[in-house]
Amino acid sequence: LKISPAYMLEDAGIRWHGAVASHFPPAFRAFLEANGVHADNYSVEDVPRYIRVNPRSALTQEEVERQLPRSEPVGWLPGYYRLPADVKIAACDAYRRGDLYGIDLASGAAVAALGVLPGEAVLDMCCAPGAKLCALADALQLSGSVTGVDVSEERLFLARKLWRQ
């Protein structure tokens, strides 16, 4: 990972920029300063977004790339694609059909690292909005159980909606 003087994380495709500390509450600025964290770390342009293809879907890589031409497969995480921040998946037919959904890459990595096997029982203690929960259930291959828990009733509503898709 290269860090340039302008705080650019070029290898990650993320551009950092300066002068953001003035927008933070004084207590947060003091916390950052006390811990030696540069405030520019909290200002990012073009944070990539990620999607996951629903494994019960017949959606092909070619179809994903046709509907979302700026998508790029995530090589180490099959079925996941990287999108530029300005791409809106809600307008995509595959999204509206439930063939793909947005997911944080860290959630996908956590599911992969966990190595869930069919027949196991899994507890997701921060399950909303549900994408990780669905990926865990898919890893179980209809054999086992997954339980999702979250403190936010509103976000649990979203998890239940995604689960039904």
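Annotations
Quick grid of which residues meet (1) closer than 27 Å to residue 115 by Cα; (2) over 17 Å from the mean Cα position of the chain (by Cα):
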| site | (1), (2) |
| --- | --- |
| 57 | yes, yes |
| 62 | no, yes |
| 65 | no, yes |
| 68 | no, no |
| 71 | yes, no |
| 80 | yes, no |
| 92 | no, yes |
| 97 | no, yes |
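- Only one of the numbered conditions (1) within 18 Å of residue 81 (Cβ to Cβ); (2) in contact with a strand residue (DSSP E or B) (Cβ under 7 Å, 6 or more places away or on another chain) is not met by residue 147, and that is (1).
- Single condition residue 13 does not satisfy, out of (1) modelled with pLDDT under 85; (2) open to solvent by 50 Å² or more (accessible area, probe 1.4 Å); (3) of a type outside the set (Lys, Arg); (4) under 20 Å from residue 86 (Cα atoms): (2)
- Evaluating residue 31 against the criteria (1) over 17 Å from residue 101 (Cβ atoms); (2) open to solvent by less than 90 Å² (accessible area, probe 1.4 Å); (3) modelled with pLDDT of 85 or more leaves one unmet condition, (2).
The values are calculated or read from the model by the stated rules, or taken from the named source; none is laboratory data. As the structure is a computational prediction, the values presented were derived from the model and not from experiment. A quick note on method: Cβ atoms are made from the backbone with ideal geometry, for glycine too, and the neighbour counts reach across all protein chains shown. We work out accessible area using only protein heavy atoms, side chains counted, and drop any ligands, DNA or RNA first. Shrake-Rupley method; radii C 1.70, N 1.55, O 1.52, S 1.80 Å.
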